[in-house]
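Working notes for the structure below.
Read-outs: derived from the displayed coordinates by stated rules, not from any lab. In this text, all values refer to a predicted model and were calculated from it rather than measured experimentally. Using ideal geometry, Cβ is built from the backbone for each residue, glycine included, and neighbour counts are taken over all protein chains shown.
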Amino acid sequence: MSRKIHIFDTTLRDGEQVPGAKLNKKQKLEIAQQLEKLNVDVIEGGFPCSSPGDLQAVRAISQQVRGPVIAALARAVKEDIDIAWESVREAERPRIHVFLGSSDIHIQKKLRSDRESALEMAVSAVKYARNLCGEVEFSTEDGSRTDFEFLCRIIEATIQAGASVINVPDTVGYAVPEEFGHLIHRLRETVPSMDRILLSVHCHNDLGLAVANSIAAVRNGADQVECTINGIGERAGNASLEEIVMVLKTRFESYHATTDINTTEIYRTSRMVSRIMNIPVQPNKAIVGSNAFSHSSGIHQDGILKDRTTYEIMRPEDLGVKQDTIVLTARSGRAALRHRLTELGFSLDAEVFERVYSRFIDVADRKKEITTQDLQSIVEIEVSKVPETYKMHSIQIMSGNKMAPLASVCLERDGQLLTDAATGDGPVDAAFNCIERITGVSGKLCDYDLKAVTMGRDALGEAMVRVQIGDTIYSGIGASPDVIEASARAYLNAYNRYFANGGAETTDK
Ligand code: KIV
Ligand code: ZN
């Protein structure tokens, strides 16, 4: 006998709280459509009262994504709840997710209130939401640090008020597995109406225990786990979806719990989220890191060659990690490219296909063979591109250990070519300076990451940057066999996000 565990994905809400990871409507919709393919049970689309843009994004997800429940977050106040309802009312299966701090620390220090008033506030918010929407989830924020008796009272009262899902968050990542599991067990035994609802958990990773705590909760009776792709989220992040799903699948005999996740979409979802949000995945990240299935020691390689099960507990293909079947070159042509893209599960409209093709030819001209990973990188960057106010036309660099690096960059804007040259502390800095001079906008580089997409000396370099322009951080991504060009493309991509966001072309230095 096995229990079904509901997977509630909050990448688009808690995940989006990562500084610099703010998404626009198109990007949110793209990720939501991929989460639909992954077959999550719930997509938390956003916190619609935070901005009109977020309301529009959650509304678009509600209109276009079918299958999963679409949830919107709201504080326990009418205005938030009204806006949340506005955003999900057209969903096939809408849910309003109301939260209120329940620990004394939150009630006294944040809400400047007392337990009784907080309880009343939670009950009236849930009743109000339930009058609008058939499905209401209530979260006892900072649940793991809440007095147990009060936690039971607020949960029972909000169930009576109409909540059909109760979420107990470890908001600050303070819990440890035995204790958190025990809390869930006691809640199940103590709260009278617990059997009428789904019991959910939402763990943060401040002590690196978010997945362990979530799994302990599952063992002790949690029905739903809230998590994010790649474990991204506020501060140290949330419990990682792919880790939870694969623990339950790989160790079925220990937990007797299953999820409905289509695991072969995990790898693709992880890459998409990483690219669109510009948050690199660490190489040793469990399940989706680039080293997760690579064996380097001789003894391990020998074992793997004899029998994969000697050192592998999961099969890469179960996660959708694709091995190369054919390698494309500059002579492969449109038909072969289209065929390979279809094999990889990409269905591109004609305009995006043409952009991918022209980038593919550009890269293939300089690199002998285009591998699956190269192609995935090219496609994912083109698919997630914002409108390009400035396009990269060409770049030249002169650099050496006895000279000041010099870059010359030519950008295209409205059919016009704009060229400038600049020096810098290094060739990357010089290229960034050129972009600033041409666009007339100064930015501050907050983050820079460069990695090779594949092994080998001709590997495609993929750069990710975060650039602060004014008060806002914009992220950018770029790829090229030339790492300076990849960096310049990433910087330009961040600038194009700034312009797409209505940025003015004035120097703010
Ligand atoms: O961490 C938390 O407590 C939350 C709630 C809003 C569910 O994100
Ligand atoms: Zn959270």
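What to note about this one:
- For the range 246-293, size of Cβ-based charge dipole, Lys and Arg +1, Asp and Glu -1, in debye: 200
- The distance separating the Cα centre of the range 428-447 from that of the range 150-164 comes to 54 Å.
- Three-way shape label, the range 73-151, alpha-carbon gyration tensor, a/c 1.5: prolate
- Net charge dipole size for the chain [Lys, Arg +1 and Asp, Glu -1 on Cβ; Debye, nearest 20]: 680
- Residues of type lysines that Lys109 reaches as a straight line, Cα spacing below 29 Å, ignoring anything fewer than 8 places off in the same chain: Lys22, Lys78, Lys127
- Fewest-first ordering of Arg13, Arg315 by other beta carbons within 10 Å of each residue's beta carbon gives Arg315, Arg13.
- Under the simplified labelling scheme, the Tyr311-Arg334 pair shows an inter-label distance of 4.5 nm, with each label point 7 Å from Cα along Cα→Cβ.
- The gain in end-to-end length when the Lys451 to Asp147 segment is fully stretched comes to 104.8 nm, 0.36 nm per residue minus the alpha carbon separation.
- Listed cross-link partners Lys368/Lys451; Lys28/Lys285; Lys37/Lys391; Lys25/Lys385; Lys322/Lys385; Lys25/Lys444 are compared with a 22 Å cut-off, the Cα-Cα value being larger for Lys28/Lys285; Lys37/Lys391; Lys322/Lys385; Lys25/Lys444.
- Debye equation applied to the C-alpha atoms of the range 376-416, log10 I(q)/I(0) at 0.18, 0.25, 0.35 Å⁻¹: -0.72, -0.87, -1.07
- Translational diffusion coefficient (Stokes-Einstein; Kirkwood radius from C-alpha pairs) of the chain at 20 °C, 1.002 mPa s, in µm²/s: 88
- For the range 197-299, the list of GluC sites (Glu not before Pro) that fall in a loop by DSSP and count at most 13 other C-beta atoms within 10 angstrom is empty.
- Sparsely packed loop sites in the range 240-318 (the trypsin sites (Lys or Arg not before Pro) outside DSSP H, G, I, E and B with at most 16 other Cβ atoms within 10 Å) comprise Arg251.
- For the chain, with +1 on Lys and Arg beta carbons and -1 on Asp and Glu, the positive-most of Thr329, Ser124, Ser290 along the dipole: Thr329
- According to the calculation over all Cα-Cα pairs in the range 119-216, the P(r) per 5 Å bin from zero is 3, 15, 25, 24, 17, 11, 5, 1 %.
- Proximal aspartates and glutamates to Lys249, defined as alpha-carbon separation beneath 19 angstrom and excluding residues fewer than eight positions away on the same chain: Asp9, Asp41, Asp223, Glu226, Asp260, Glu265, Glu312, Glu317, Asp318
- Between the range 253-288 and the range 366-423, the alpha-carbon centres lie 30 Å apart.
- For the range 251-304, the gyration tensor built on C-alpha atoms gives an oblate shape. Its axis ratio a/c (a ≥ b ≥ c) is at least 1.5, and a/b is not larger than b/c.
- Descending semi-axes in whole angstrom, ellipsoid equivalent of the range 352-509, from the Cα gyration tensor: 24, 19, 15
- Global geometry of the range 197-318, whether rounded, prolate or oblate, following the gyration tensor of its Cα atoms and the 1.5 cut on a/c: oblate
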